[in-house]
Amino acid sequence: MHFVNAFEILFWICIFLVFYTFIGYGLFLYFLVKIKEIFRKPLPRTEPKDWPEVTLFIAAYNEEAIVEAKMDNCLQLNYPPHQLKILWITDGSNDKTNEKLAQYPQVTVYHIPQRKGKTAALNRGIQFVKTPFVIYTDANTMLNKEAVREMVKEFSDSRVGCVAGEKRIAVDEKDQAAAGGEGFYWTYESKLKEWDSRLYSAVGAAGELFAIRTSLFEKMPEDTLLDDFILSMRIAQKGYKIAYCKSAYALEKGSADIQNEEKRKIRIAAGGLQSIKRLGNLLIPNPFHLGILRFQYISHRVLRWSVTPVALFLLPFLNIALVVVYPKPIYIILLILQMLFYLAAFSGALLQQKKIKIKVLFIPYYFLFMNINVLKAFFSQHKYKGKGTWEKAQRIQG
């Protein structure tokens, strides 16, 4: 009987972890935001009298195919041209990236032949930034025209040290499950970031588009996998807030196929595990120092990157054991629901291989796909030690 009780307790702990991590935290966060805003309305962001100088920082490796499109996008940004500096760091590039950039007098390019990875490029490039604010963006993402203005306005609050832009996935009708599922995931993730920001602070920023006060940049070890996340969270650890600016967004095409998406997700998960170690102080309970940020960080990030995927895949085995040994109706119903979920995910996997698009099956498929890759990351962290993160098929997202 004690054996059954232990299984029941473990089963309900796993149920709670999975529900809280992927649904419950969002509901609780929304409730907290609404309660807070009853008593304290968010202050509107104001335009500065004089727009400050800003550096648009693009770290790129062999991006000749996208240079013209990216530069056209940069030159269309609605910001005073004399106040916007465009900086490219192209370390290691050996295609026509530098040759094409030379055609733009508005651009400053710094290049060394050695390819050390994106984090090294960020560390090296910061010495060339002379403006009070720097906006990081990827070469293969396009910004909306008002992005720079909207992000700069967020810095009117002196407590804001970093501004996270919104990442949007362009999903075509012909796209496979990877892009469709990724688009849904980022829509939900963007909403969580918005609510996090409204409660206290967003939990990290995505490298496609984020801004910082230049003085707050902190050099990172060159083997850092989630450079955007680590950089932004280091700023939050100093007591500054990460504002979420949904009116500034970066548009990126979804992953071309599930194989590239798998490599990228494993790498993200490995970077998440690395980040947990490097932001270890945020795991130490202390309600008097960054208590709200600590709660947000554990709920939004740590659980996703650590125990919850394990709990998710333990659930069906625990459920089967309970049905066999202790067949209560609730356990039978939950097992049926789990089997339906896995059947939907399996159907989604088969259909994406045949390039058949049924959106309702993409969600369970992509959800399961993400969590499987977190488990794979547990066993593949060693592969990424000391490696750069330039390959677009393996792009890292915070």
Response to the item:
Of those in region 286-306 that are out of contact with any Ser or Thr (no Cβ under 8 Å at 6 or more places or on another chain) and modelled with pLDDT of 95 or more, the residue surrounded by the most Cβ atoms within 10 Å (Cβ to Cβ) is TYR297
Worksheet item: Which of the residues that make up region 307-320 are more than 30 Å from GLY280 (Cβ to Cβ) and either open to solvent by 30 Å² or more (accessible area, probe 1.4 Å) or in contact with a Gly (Cβ under 8 Å, 6 or more places away or on another chain) (or both)?
Response: PHE317, ILE320
Item to complete: For GLU47, indicate whether it is open to solvent by 100 Å² or more (accessible area, probe 1.4 Å), at negative phi and in contact (Cβ under 8 Å) with a residue 40 or more places away in the chain.
Response: yes
Worksheet item: Pick from ASP95, ASP157, ASP91: which is touching a residue at least 40 places away in the same chain (Cβ under 8 Å) and among the acidic types (Asp, Glu)?
Response: ASP157
Item to complete: Kindly establish whether VAL54 is closer than 12 Å to ARG149 by Cα and buried (at least 22 other Cβ atoms within 10 Å of the Cβ).
Response: yes
Item to complete: Inspect region 249-256 for any residue being aliphatic (A, V, I, L, M) and farther than 30 Å from PHE31 by Cβ and give the result as yes or no.
Response: yes
Worksheet item: For region 139-158, which residues satisfy the criterion of being of a type in the set (D, E, K, R) and at pLDDT 95 or above?
Response: LYS145, GLU146, ARG149, GLU150, LYS153, GLU154
Worksheet item: Which one of these does ASN5 not meet: (1) assigned to a helix (DSSP H, G or I); (2) modelled with pLDDT of 95 or more?
Response: (2)
Worksheet entry | Verdict on ASN281 being in a helix (DSSP H, G or I), crowded, with 16+ Cβ neighbours inside 10 Å and modelled with pLDDT under 95 | no
Worksheet entry | Failed condition for LYS355, given (1) at pLDDT 95 or above; (2) at positive phi | (1)
Worksheet, complete the sentence: Counting only residues that are crowded, with 17+ Cβ neighbours inside 10 Å, part of a helix (DSSP H, G or I) and in contact with a Ser or Thr (Cβ under 9 Å, 6 or more places away or on another chain), region 127-148 contains a total of 1
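Give me the residue from region 159-179 that is among the small types (Gly, Ala, Ser) and at pLDDT 85 or above and, out of that set, farthest from MET71 (Cα to Cα). I'd like the intermediate steps shown before the answer.
Let us first name the residues in region 159-179 that are among the small types (Gly, Ala, Ser), namely 161, 164-165, 170, 177-179.
Cutting the leftovers down to at pLDDT 85 or above gives us 161, 164-165.
Details: GLY161: 27, ALA164: 22, GLY165: 19 Å.
Here the residue is GLY161.
For residues that are in a helix (DSSP H, G or I) and free of Cβ contacts under 8 Å to residues at least 60 places away in the same chain, scanning just region 57-73, find the one that is least open to solvent (accessible area, probe 1.4 Å).
Start the filter on region 57-73 by keeping residues that are in a helix (DSSP H, G or I), which leaves 67-73.
Cutting the leftovers down to free of Cβ contacts under 8 Å to residues at least 60 places away in the same chain gives us 68, 71-72.
Numbers: GLU68: 69, MET71: 0, ASP72: 78 Å².
By that ranking, first place goes to MET71.
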Item to complete: Tell me which residues, restricted to region 1-44, are of a type in the set (Lys, Arg) and either surrounded by 10 or more Cβ atoms within 10 Å (Cβ to Cβ) or touching a strand residue (DSSP E or B) at 6+ places or on another chain (Cβ under 7 Å) (or both).
Response: LYS34, LYS36
Response to the item:
For region 103-122, pairs from a residue that is part of a strand (DSSP E or B) to a residue that is open to solvent by 20 Å² or more (accessible area, probe 1.4 Å), with Cβ under 8 Å and 6 or more apart or across chains, are THR108/LYS85; THR108/PHE128; VAL109/ASN98; VAL109/ALA102; TYR110/ARG124; TYR110/PHE128
Worksheet item: Just for region 214-266: of the residues that are of a type in the set (Lys, Arg) and part of a loop (DSSP other than H, G, I, E, B), which one is most open to solvent (accessible area, probe 1.4 Å)?
Response: LYS219
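The values are calculated or read from the model by the stated rules, or taken from the named source; none is laboratory data. Everything quoted here is computed from the prediction, not taken from an experiment. A quick note on method: Cβ atoms are made from the backbone with ideal geometry, for glycine too, and the neighbour counts reach across all protein chains shown. For accessibility, only protein heavy atoms count, side chains too; no ligands or nucleic acids. Shrake-Rupley method; radii C 1.70, N 1.55, O 1.52, S 1.80 Å.
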